[in-house]
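Heads up: the structure comes next, in structure tokens.
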Amino acid sequence: METELRIGVFVCHCGINIAGVLDIEDLCEYAGTLPNVVTVQPNLFTCAETGTSGIKNAVKEHDLNRVVVAACTPRTHEPIFRASCQEAGINPYFFEMVNIREHCSWVHRHDREAAQGKARDLIRMAVARAMFLEPIETFKSKVEPRALVIGAGIAGMSSALALAGEGFDVTLLEKKAEMGGLLRDLHKVAPSEVGAGELVEQKVAAIKQEGRIQCFTSATLEEVSGYVGNYSATFSSNGNTHTHKVGAIIVATGGAPLKPMGLYNYDGKRVITQSELETKLKSGKLDAKSIVMIQCVGARIPERNYCSRICCMVAIKNSLHIKEIAKDAKVFVLYRDIQAYGVENEALFLKAKEAGVRFIRYNLESPPVVGDGNVEIYHPAMGKEVPLPAELVVLSTPIVAHDDAESVSRILKVPVNEYRFFLEAHAKLSPLDFATNGIYLCGNAHYPATVREAISQALGAASRASIILSHDAIERVGTVARVDQELCSSCFACVKVCPYQVPHMDEGGKAMIEPMQCQGCGICVAECPAEAIQFGYVSDAQIMAACEALCA
């Protein structure tokens, strides 16, 4: 026997955000005329304690089994109202929310009549859809309390140590023969002036002493399967193949300085890169007395139009080190724009000027010309070409993604951008997360970063991963795609279109979707020609009911 539908509608004033434009009393009266609506209540602020208590009381008093709230954006307030429904004893997915603030009172505030009519339409559609809501249950999956960190540069080592410090086992992969990444090639780290080699050795020693970290060098990631909390990673190391079960993955694969082949007569001898200059400074062997540094070599150009962010500070830091070695050395920095963000970096910039480092601006239309023993630059203040003595020319090149970034991207099923840096889920809301749950990123794998930034991101990524690893099991709401295998025509449409590569065919040739892997994008639902796939909480019946109500 079918249960009688009993719907409660709650309309929010939201102070004057909604009530300043819409007639709330009229909306309440109208909602009361809709089918299966047994109670309608206005609220000054539905999300406040009085509003949520009103919902819970109404559910019990009127024996409600569906709740509709007409208020503001579901993005921020839907979880509050779902929790109220659950506390009142009904399934939280017997709830529907309609946005009459952003969609009506705000956007149509200059046309109150149209806004009022649209609000009525939206409430009518929400009530019609609520009639077809189905209970959605959660399901659980065991969590493997081990993390996989890919890359053992400063970011990867910091993530691994942070996770081990929280009590989790860590598998750390490094494709080179030793840990350290780019930091091994640096002289000192600005602005702290800590020796880069010293910092690397401290981190490496800490990892070797940490019993919870298993580090594999000369390692290559070969395959990753599974889902958040329960991944299986296969990799090779020094000729041996290993498979580890992990609950979360951190991508810290780093980057590499661009080799400026064919630019400014680069030869690795008289014309070198900043990283090659670091090696000279590290050894204390610098015999040049006139040095010209050229910024933005291979960056901020049509082929690579991003700013590498750290190049300016590397040049400033190294110019100061040169001045420390030889105070009478002439150092020129030819720049397009100076990127010295932050109080400490700005102070270093001023210190370099005080030390006698000359900064000369150039533009892309008239770049410096490297000659034999000098560099010619058009000086805008003088209005003419000026020759600068240059026993040594140093090119500041950008950090670029590693050649294997796309390979790692395919294995993990996570995206990279046009420059092959890994792409986060959202630059502001989820800067360390991928769209795929349980996989995180940090350091130069994401975008060029200073040592401090890489460490901060590494700690953030470790913190995100520990949220997953700290649970024995992970709970997932069933708002995912589901396959009716009796309707499945084995056309492979869902397999082809899923951006997360979740659907696959079982032994009988029918589509299957692992609910823990499904990201709930709904693309497969729209593509399935047999209508064999439905999406929890957004079924065809619900959508059609809302559309029919709109046209009524």
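Of all the listed residues (Glu406, Glu344), the sole one being closer than 30 Å to Gln519 by Cβ and either under 31 Å from the mean Cα position of the chain (by Cα) or not in a loop (DSSP other than H, G, I, E, B) (or both) is Glu406. Of all residues in the range 84-97, none are surrounded by fewer than 22 Cβ atoms within 10 Å (Cβ to Cβ), under 19 Å from Ile16 (Cα atoms) and small (Gly, Ala, Ser).
Taking the condition of being small (Gly, Ala, Ser), more than 25 Å from Val343 (Cβ to Cβ) and either more than 28 Å from the chain's Cα centre (by Cα) or not assigned by TED's automatic domain parsing to the domain that holds Ile250 (or both), how many residues in the range 174-208 meet it?
First, pick out the residues of the range 174-208 that are small (Gly, Ala, Ser): 177, 180-181, 190, 192, 195-197, 205-206.
Subsequent filtering for residues that are more than 25 Å from Val343 (Cβ to Cβ) retains 177, 180-181, 197, 205-206.
Still in the running and either more than 28 Å from the chain's Cα centre (by Cα) or not assigned by TED's automatic domain parsing to the domain that holds Ile250 (or both): 177, 197, 205-206.
Total meeting the criteria: 4.
Of all residues in the range 2-37, exactly one satisfies the criterion of being closer than 19 Å to Ala115 by Cα, crowded, with 22+ Cβ neighbours inside 10 Å and in contact with a Leu (Cβ under 7 Å, 6 or more places away or on another chain), namely Val11. Considering each residue of the range 260-272 in turn, none proves to be touching a Lys or Arg at 6+ places or on another chain (Cβ under 9 Å), surrounded by 17 or more Cβ atoms within 10 Å (Cβ to Cβ) and within 30 Å of Leu432 (Cβ to Cβ). In the set Ile136, Ile55, only one residue is farther than 19 Å from Met544 by Cα and buried (at least 21 other Cβ atoms within 10 Å of the Cβ); that residue is Ile55.
Note on the range 426-449: among residues that are under 22 Å from Ser232 (Cα atoms) and in contact with a helix residue (DSSP H, G or I) (Cβ under 7 Å, 6 or more places away or on another chain), the one that is surrounded by the fewest Cβ atoms within 10 Å (Cβ to Cβ) is Asp433. The single condition among (1) among the small types (Gly, Ala, Ser); (2) more than 18 Å from Arg6 (Cβ to Cβ); (3) crowded, with 18+ Cβ neighbours inside 10 Å; (4) within 34 Å of the chain's Cα centre (by Cα) that Ala115 does not satisfy is (4).
For the range 94-103, check the following and say yes or no: at least one residue is in contact (Cβ under 8 Å) with a residue 12 or more places away in the chain and within 30 Å of Lys245 (Cα to Cα). Step through it out loud before you land on a result.
First, pick out the residues of the range 94-103 that are in contact (Cβ under 8 Å) with a residue 12 or more places away in the chain: 94-103.
Next, only the ones that are within 30 Å of Lys245 (Cα to Cα) stay: none.
For the range 94-103, residues in contact (Cβ under 8 Å) with a residue 12 or more places away in the chain and within 30 Å of Lys245 (Cα to Cα): absent.
Contact map, the range 324-347: first residue assigned by TED's automatic domain parsing to the domain that holds Ile360 and crowded, with 17+ Cβ neighbours inside 10 Å, second residue assigned to a loop (DSSP other than H, G, I, E, B) and of a type in the set (Ser, Thr, Tyr), Cβ cut-off under 6 Å, separation 6 or more or different chains; pairs are Leu334/Tyr362.
Restricting the search to the range 277-318, which residues are closer than 15 Å to Glu391 by Cβ and surrounded by 15 or more Cβ atoms within 10 Å (Cβ to Cβ)? First the steps, then the outcome.
Going residue by residue through the range 277-318, those that are closer than 15 Å to Glu391 by Cβ are 277, 280, 285-294.
If the condition is that a residue be closer than 15 Å to Glu391 by Cβ and surrounded by 15 or more Cβ atoms within 10 Å (Cβ to Cβ), then Leu277, Lys280, Leu286, Ala288, Ser290, Ile291, Val292, Met293, Ile294 are the ones that fit.
Mind listing whichever residues of the range 356-385 are outside any loop (DSSP other than H, G, I, E, B) and in contact (Cβ under 8 Å) with a residue 12 or more places away in the chain? Please lay out each step first, then the result.
To start, the set of residues in the range 356-385 that are outside any loop (DSSP other than H, G, I, E, B) comprises 358-361, 369-370, 374-379, 384-385.
Residues satisfying the conditions are Arg358, Phe359, Ile360, Arg361, Val370, Asn374, Val375, Glu376, Ile377, Tyr378, His379.
Looking across the range 498-552, the residues that are at positive phi, touching a residue at least 40 places away in the same chain (Cβ under 8 Å) and either among the β-branched types (Val, Ile, Thr) or out of contact with any strand residue (DSSP E or B) (no Cβ under 6 Å at 6 or more places or on another chain) (or both) come down to Gln501, Gly520, Glu531, Tyr537. Among the residues making up the range 236-276, those that are in contact (Cβ under 8 Å) with a residue 60 or more places away in the chain, within 20 Å of Met157 (Cα to Cα) and of a type in the set (Ser, Thr, Tyr) are Ser237, Thr253.
Considering only residues that are more than 30 Å from Glu418 (Cβ to Cβ), of a type outside the set (A, V, I, L, M, F, W, C) and in contact with a strand residue (DSSP E or B) (Cβ under 8 Å, 6 or more places away or on another chain), which ones fall in the range 281-304? Lay out the reasoning, then the answer.
Taking the range 281-304 and keeping what is more than 30 Å from Glu418 (Cβ to Cβ), we get 281-292.
Filter again for of a type outside the set (A, V, I, L, M, F, W, C), leaving 282-285, 287, 289-290.
Correct list: Lys289, Ser290.
Taking the stated definitions as given, is Ala390 buried (at least 18 other Cβ atoms within 10 Å of the Cβ) and either touching a Leu at 6+ places or on another chain (Cβ under 9 Å) or in contact (Cβ under 8 Å) with a residue 60 or more places away in the chain (or both)? Walk me through how you get there before you give the answer.
Working: buried (at least 18 other Cβ atoms within 10 Å of the Cβ): yes; either touching a Leu at 6+ places or on another chain (Cβ under 9 Å) or in contact (Cβ under 8 Å) with a residue 60 or more places away in the chain (or both): yes.
In short, yes.
Is there a residue being on the phi > 0 side of the Ramachandran plot and under 35 Å from the mean Cα position of the chain (by Cα) anywhere in the range 259-276? Yes, there is a match, as at least one residue in the range 259-276 is on the phi > 0 side of the Ramachandran plot and under 35 Å from the mean Cα position of the chain (by Cα).
Matching residues to (1) under 22 Å from Glu174 (Cβ atoms); (2) in contact with a Ser or Thr (Cβ under 8 Å, 6 or more places away or on another chain); (3) among the β-branched types (Val, Ile, Thr):
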| residue | (1), (2), (3) |
| --- | --- |
| Glu424 | no, yes, no |
| Ala435 | no, no, no |
| Cys442 | yes, yes, no |
| Ala449 | yes, no, no |
| Ala462 | yes, yes, no |
| Ser466 | yes, no, no |
| Asp472 | no, no, no |
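The number of residues in the range 479-526 that are in a strand (DSSP E or B), out of contact with any Cys (no Cβ under 8 Å at 6 or more places or on another chain) and under 15 Å from Tyr227 (Cβ atoms) comes to 2. Only a single item in (1) more than 20 Å from Glu276 (Cα to Cα); (2) modelled with pLDDT of 95 or more; (3) assigned to a strand (DSSP E or B) is not met by Lys353, and it is number (3). If Glu201 passes every condition in (1) acidic (Asp, Glu); (2) closer than 15 Å to Ile249 by Cβ; (3) free of Cβ contacts under 8 Å to residues at least 24 places away in the same chain but one, which one does it miss? Condition not satisfied by Glu201: (2).
Within the range 6-18, if we keep just the residues that are in contact (Cβ under 8 Å) with a residue 24 or more places away in the chain and part of a loop (DSSP other than H, G, I, E, B), the residue that is farthest from the chain's Cα centre (by Cα) turns out to be Arg6.
The values are calculated or read from the model by the stated rules, or taken from the named source; none is laboratory data. This one's a predicted model, so the numbers in the text were calculated from it and none came from an experiment. All Cβ positions, glycine included, derive from the backbone under ideal geometry; neighbour counts span all protein chains shown.
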